[in-house]
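J.: Before anything else, here's the structure in question.
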Amino acid sequence: MDNNHKMWSDLGMNLELHDQLCEVLPQAFGDVFLSQENRPEGMDYYNMVVADIHGIRPAELIEHQNKGGKVFGTFCVYVPDEVIFAADAIATGLCGGSQFWVPGGEKVLPTNTCPLIKASVGARLDRTCPFFRIADMYIGETTCDGKKKAWEILSEDVPVYVMDLPQMKRAKDVKAWAEEIEALKEKVEEFTGNKVTAEKLAESIKLINNKRKALERLYNCRKSDNLPISGTDALVISQIAFYDDPARFTQMTNKLCDELEQRIQDGVSVVPAGTKRIMLTGTPLAIPNWKLHNIVETSGGVIVCEEMCTGTRYFENQVDETKETVEEQIKAIAERYMKINCACFTPNSGRIDDILRLAKEYKVDGIIDVNLKFCNLYDTEGYFVERAMKEAGIPVLGIETDYTDSDASQLRTRVGAFIEMLNNR
Ligand code: BJ8
């Protein structure tokens, strides 16, 4: 039994089922990523991370636990990692992006639940993901109805703490969110036995801000006329950001950005001049959901930006680093997080403003508004997105999809026609 198998077995995983996943992932990764031409050398790090996705990082998390540390699993970009790291614990993203986990979720959830929720629940209940096994506690949030009920199901199997996210953005809501962050701090302190001090919180605010800055630098490179990196590669970096060690991730991403900035200066592009620049908006694309990027970028277009939680919503806006007391720091954290524009808020016009701004900044030719099947929130908000884009004269294609490949050829046809229309404009 190799080291990984021993670790997975010790975690109580269903090895037989998990082996099936291990068999298909390298092929999928090879087809989507390694077939691309002229990739930056700095992608080697992320290739390595994905190649051993259930090995390297899980082993690090277990090492942390063996030293007495705790691991918290999170599902939403609203949950502030700062508070968790400040208690010498580790936060790791747990969203599931593979169809492999969906049937496990469907055993307990209605079929008409979004695939992200079904996959996340299935990954836990089927015991086929080490991250879901390792996390000592899950942190849920009251964003959409499907998630709220999923926490209740998951809590029968693993400790789950739920943060109550306000769904409006008035001053009293920001205050309420600060109170929720304070309550999370107390929970994390109790669970880890470690005190969150102002010094510790200042350190972790910097740590996570630095990660955001590295991602922002990466995305800024994508604003260039000559594109130094594909959207597919940028997406996997965003996905890895959710669970990699934050300091190492920041260092490797900044190193990659050095190379990308050099490429921009040297006029190196991964696509021919004139390739239509597409922005994706909508529901998150959790790892290993690479379907749409692959379709767009093998149909003559290129993705330059994702207005998504696996994209700009994850890294835009920093937490104010100048605050000195825990109370002020928590307020600053709440203010930063309440700037994220998720469709669970009403009204959510800030998201429309963001999309219009990003379309300009990234010199976008067209937008694909992506909705994960059965996500009522983003589906409904698509009405405003499409209307605003039409008014601004930006072509928009609305797509609803899931994690299966059953609609791949139909999507390819629609995306191909959209890009052709952009080429003929
Ligand atoms: S801040 S987008 S990460 S809630 S796609 S599970 S909303 S039914 S993931 Fe999200 Fe936080 Fe918002 Fe971002 Fe529900 Fe919709 Fe599924 Fe969703």
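J.: From G105, G140, G122, grab the single residue that is within 11 Å of the ligand (Cβ to nearest atom) and of a type outside the set (D, E, K, R). Write out each step before concluding.
T.: Numbers: G105 fails: within 11 Å of the ligand (Cβ to nearest atom); G122 fails: within 11 Å of the ligand (Cβ to nearest atom).
Only one candidate passes the filter, namely G140.
J.: Report those helices (runs of 4 or more DSSP H) wholly inside the stretch 8-115 carrying at least 1 residues which are touching a residue at least 24 places away in the same chain (Cβ under 8 Å) and among the acidic types (D, E).
T.: Hits in the stretch 8-115: 56-66, 81-86.
J.: Okay, moving on. Kindly provide the set of residues from the stretch 137-166 that are more than 17 Å from T283 (Cβ to Cβ) and either assigned to a strand (DSSP E or B) or of a type in the set (S, T, N, Q) (or both), ordered by number.
T.: M137, Y138, I139, G140, T142, S155, V160, Y161, V162, M163
Yes or no, residue by residue, for (1) within 28 Å of T113 (Cβ to Cβ); (2) surrounded by 21 or more Cβ atoms within 10 Å (Cβ to Cβ); (3) over 20 Å from the mean Cα position of the chain (by Cα); (4) modelled with pLDDT under 95:
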| position | (1), (2), (3), (4) |
| --- | --- |
| N289 | yes, yes, no, no |
| T312 | yes, yes, no, no |
| E316 | no, no, no, no |
| E324 | no, no, yes, no |
| Q329 | no, yes, yes, no |
| D354 | yes, no, no, no |
| V370 | yes, yes, no, no |
| N376 | yes, no, no, no |
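J.: Could you tell me whether L260 is at pLDDT 95 or above, assigned to a loop (DSSP other than H, G, I, E, B) and surrounded by 15 or more Cβ atoms within 10 Å (Cβ to Cβ)?
T.: The answer is no for L260.
J.: Let me ask something additional. Specify which of the listed residues (A198, A178) is buried (at least 17 other Cβ atoms within 10 Å of the Cβ) and modelled with pLDDT of 95 or more.
T.: Exactly one residue qualifies, and that residue is A178.
J.: Separate question: Quick one: in the stretch 363-380, of everything that is more than 10 Å from the ligand (Cβ to nearest atom) and of a type outside the set (V, I, T), which residue is nearest to V102 (Cα to Cα)?
T.: D369
J.: Only residues that are touching a residue at least 60 places away in the same chain (Cβ under 8 Å) and either under 19 Å from S98 (Cβ atoms) or assigned to a loop (DSSP other than H, G, I, E, B) (or both): list them for the stretch 270-279, please.
T.: Hit for the stretch 270-279 is V270, nothing else.
The values are calculated or read from the model by the stated rules, or taken from the named source; none is laboratory data. Nothing here was measured: the structure is a model prediction, and the numbers come from that model. Note that we place each Cβ from the backbone using ideal geometry, even for glycine, and neighbour counts take in every protein chain shown.
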